[in-house]
Amino acid sequence: AQSVTQLDSQVPVFEEAPVELRCNYSSSVSVYLFWYVQYPNQGLQLLLKYLSGSTLVESINGFEAEFNKSQTSFHLRKPSVHISDTAEYFCAVSTTSGTYKYIFGTGTRLKVLA
Amino acid sequence: GAVVSQHPSWVICKSGTSVKIECRSLDFQATTMFWYRQFPKQSLMLMATSNEGSKATYEQGVEKDKFLINHASLTLSTLTVTSAHPEDSSFYICSASPRTARGSPLHFGNGTRLTVT
């Protein structure tokens, strides 16, 4: 079975400060990794994904995440946040084989303060 | 591209009635759709995997007779909450992928907020 752990339920940070949202996963098989963002009363939108290749992946709005196999982590970072980045962020995994499903972490609420 | 439309966006119903939620892939065909339930300030709980033309696969602890899923076409899946009770009040989200490849990210509907009075 797979599981995803997001240790921080809430992360307050001042505008233009850097931020890191942590994600650790557990799986007995290989996985693909994703970060999704959810704005209030909306569905989730893909932020970035890791499938293979370079362990550092980036989104179009300045977020990046690094896959660390030895630490089974996929932390999300941004060097300078904006007010508009305030949202809920979910880390997710999908197995590369076996039952086709996606498992989500409990989410981290990022609140950017002025 | 890859738009998933979910309807209604919110619904209020009386206890004991049934509610149907529709999930449509507007510009792609979805062999598989996923239904999630989200509790306040919590993650998405996978309820079931909806497969076109076959029975849905329910996660452990999800009552299949209460949450009826039908995936009659490659662009439409429905979730019917039967004999709804206040504890069924929640945010329900569907998702799908335009490709069957496992690395394909999911595309989500905007969710349906169900309130049972």
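When you look at A:Val37, is it more than 22 Å from B:Ala96 (Cα to Cα) and buried (at least 16 other Cβ atoms within 10 Å of the Cβ), yes or no?
On the way: more than 22 Å from B:Ala96 (Cα to Cα): no; buried (at least 16 other Cβ atoms within 10 Å of the Cβ): yes.
Against the criterion (more than 22 Å from B:Ala96 (Cα to Cα) and buried (at least 16 other Cβ atoms within 10 Å of the Cβ)), A:Val37 does not qualify.
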Restricting attention to region A:86-105, and to residues there that are β-branched (Val, Ile, Thr) and surrounded by fewer than 17 Cβ atoms within 10 Å (Cβ to Cβ), which single residue is nearest to the chain's Cα centre (by Cα)?
A:Thr96
Filter region A:40-58 down to the residues that are open to solvent by 20 Å² or more (accessible area, probe 1.4 Å) and either among the polar types (S, T, N, Q) or touching an Asp or Glu at 6+ places or on another chain (Cβ under 9 Å) (or both) and list them by number.
A:Pro40, A:Asn41, A:Gln42, A:Gln45, A:Tyr50, A:Ser52, A:Ser54, A:Thr55, A:Leu56, A:Val57, A:Glu58
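Looking only at region A:18-51, count how many residues are part of a loop (DSSP other than H, G, I, E, B) and on the phi < 0 side of the Ramachandran plot. Write out each step before concluding.
Quick first cut of region A:18-51, residues part of a loop (DSSP other than H, G, I, E, B) only: A:18, A:22-23, A:27-30, A:39-43, A:51.
Then keep just the ones that are on the phi < 0 side of the Ramachandran plot; that gives A:18, A:22-23, A:27-30, A:39-40, A:42-43, A:51.
Final tally of qualifying residues: 12.
Yes/no matrix, rows are residues, columns are (1) over 26 Å from A:Leu46 (Cβ atoms); (2) open to solvent by 20 Å² or more (accessible area, probe 1.4 Å); (3) not β-branched (Val, Ile, Thr):
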{"site": "B:Val4", "(1), (2), (3)": "no, no, no"}
{"site": "B:Ser15", "(1), (2), (3)": "yes, yes, yes"}
{"site": "B:Arg24", "(1), (2), (3)": "no, yes, yes"}
{"site": "B:Asp27", "(1), (2), (3)": "no, yes, yes"}
{"site": "B:Phe34", "(1), (2), (3)": "no, no, yes"}
{"site": "B:Glu52", "(1), (2), (3)": "no, yes, yes"}
{"site": "B:Glu59", "(1), (2), (3)": "no, yes, yes"}
Identify the residue in region A:60-80 that is in a loop (DSSP other than H, G, I, E, B) and in contact with a Phe, Trp or Tyr (Cβ under 8 Å, 6 or more places away or on another chain) and, among all such residues, is farthest from the other protein chains (Cβ to nearest Cβ).
A:Thr72
Mind checking which pairs have a first residue in region B:39-57 that is charged (D, E, K, R) and a second that is assigned to a loop (DSSP other than H, G, I, E, B) and open to solvent by 20 Å² or more (accessible area, probe 1.4 Å), Cβ under 6 Å, 6 or more apart or different chains?
B:Glu52/B:Thr31; B:Glu52/B:Leu74
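Could you say whether any residue in region B:74-88 is more than 10 Å from chain A (Cβ to nearest Cβ), open to solvent by 60 Å² or more (accessible area, probe 1.4 Å) and in a strand (DSSP E or B)?
Residues of region B:74-88 more than 10 Å from chain A (Cβ to nearest Cβ): B:74-88.
Applying the additional criterion that residues be open to solvent by 60 Å² or more (accessible area, probe 1.4 Å) yields B:85-87.
Still in the running and in a strand (DSSP E or B): none.
No, there is no match, as no residue in region B:74-88 is more than 10 Å from chain A (Cβ to nearest Cβ), open to solvent by 60 Å² or more (accessible area, probe 1.4 Å) and in a strand (DSSP E or B).
The values are calculated or read from the model by the stated rules, or taken from the named source; none is laboratory data. Not measured: the values here are computed from a predicted model. When we count neighbours, we look across all protein chains shown, and the Cβ atoms used for this are built from the backbone with ideal geometry, even at glycine. These accessible areas exclude ligands, DNA and RNA; they are computed on the full protein's heavy atoms, side chains included. Shrake-Rupley method; radii C 1.70, N 1.55, O 1.52, S 1.80 Å.
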